[in-house]
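Report on one structure; see the data block that follows.
Bear in mind these aren't lab numbers, they're just calculated from the coordinates by the rules spelled out. Please read all numbers here as calculations on a predicted model, not as lab measurements. Every residue, glycine among them, receives a Cβ derived from its backbone with ideal geometry; neighbour counts consider all protein chains shown.
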């Protein structure tokens, strides 16, 4: 795994990943639907639904299609400091964009830092309880996110 994970507190899960691309390019990858459809989701998954309104108070409704299942999410943006930070709540959703109340939402802060042409993305997601965080870990979020970020890295290379 190229992605590094840590648990900053009992309710948080964090990842750090470095990319050989400028920060502005990484920012664009995370904030424009035309790019997200090319890399968001684990290996073998597609993103047939990607409706993005990237602004404070805006939302990103997405559905990932895997070989045997479909998984949707709804992100609501709370703070945007381009090109350094995005804060949003990400919740599981049904095919119509309704939040699934029985699945734990997470509040995520993404930080984009650049040094010598290498951009490090750090994401910290906070849940309401340790039980919620651990349930997300048991679902395989680390493996899925690592595959997703591998796809981002490959997509960045294809644009170079």
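What fraction of the Cα pairs in segment 68-160, stated in percent, has a spacing above 15 angstrom? Intermediate results must be reported in sequence, preceding the final value.
Details: 3013 of 4278 pairs.
Beyond 15 Å sits 70 percent of the P(r) for segment 68-160.
Let me have the 222 nm mean residue ellipticity of the chain computed from DSSP H runs of 4+ only, each contributing -39500 (n - 2.57), with the sum over all residues rounded to the nearest 500. Mind dumping the intermediate values first?
Numbers: 4 runs with 41 residues, N = 160.
Value at 222 nm, helices only: -7500 deg cm²/dmol.
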Inter-part distance where segment 9-42 and segment 96-160 are each reduced to a Cα centre, Å: 8
Is the shape of segment 1-74 best called rounded, prolate or oblate, per the rule: a/c under 1.5 gives rounded, else a/b larger than b/c gives prolate, else oblate, with a ≥ b ≥ c the square roots of the Cα gyration tensor eigenvalues? rounded
With Rg and the Kirkwood Rh both taken from Cα atoms, where does Rg over Rh land for the chain? 0.93
Segment 4-159 - percent relative contact order, Cα under 8 Å, separation 6 or more: 27
Point-to-point label distance, residue 82-residue 101, nm (Cα→Cβ direction, 7 Å offset): 3.7
